[in-house]
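Take a look at the structure set out below.
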């Protein structure tokens, strides 16, 4: 019987699509260079990072590989950065900077500087602090996502109090970083912070999602702004078919709905409280 490696590439690729376990895909990549090119798109197609009080996401080994081989970013079809609260505990998870090897640090710093965004200095500063290094690394992963990514989820633990994530999303939406020009689904849900209310001033971050050029589905927590204005002019939302919005008041919601001519599904959740959130 002829070895699998002798089969046409399209046949090998098709077979890899039926491999059920990530561990098996890893083994295929290690077994043969010829099999690697067919297995890698499936191995990296879905990236899930979980962040909680007990679980620090294993982003370092992932980024180490991606920065060494940036062509792999094109395979990241679905990226989920999950986490909903820290159970009342301190939400700052420190990374031991001594555990990061010099080569990896240099890779990260070079990649951050290469972005040439206005907040590079802040980014580098956060990278050099154990308390905020994870935020800097998460922002670096997000900054390098491009046309290969179709679905993206950014949840509370990666957003709340993490200003870099919002800055990176704005930069991608407004063309300062590689565009998410094929992104179809975005979930960006922070939720209200009752302990540190200053963290809720993220209107500019959330509203930038509406400038993503191909998104059909948006799920977002959008805080209210005293003066709702489109920062880059009214966006074209003809491609948007599903919208799930929380927090935003009815007055501001109307300004979004006036542009969503193709909308088929709408879920709007609004609640009033006396926190001082402007309506």
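Values in this text are rule-based calculations from the coordinates and carry no lab data. Keep in mind that this is a model prediction, so the values were computed, not measured. Here the Cβ positions follow ideal geometry from the backbone for every residue, glycine too, while neighbour counts run over all protein chains shown.
Computed over the stretch 167-279, the percent of Cα pairs more than 25 Å apart is 18. Using alpha-carbon positions, what is the distance between the centroids of the stretch 238-272 and the stretch 35-66, in Å? About 33 Å separates the Cα centre of the stretch 238-272 from the one of the stretch 35-66. Taking the Cα atoms of the stretch 44-269, the ratio Rg/Rh between the radius of gyration and the Kirkwood radius comes to 0.95.
With coordinates expressed along the principal axes, the C-alpha atoms belonging to the stretch 140-232 extend over 37, 27, 23 Å, beginning with the largest.
Note on residue 125/residue 193: beta-carbon distance plugged into 1/(1 + (r/R0)^6) with R0 of 22 Å gives a FRET efficiency of 0.45.
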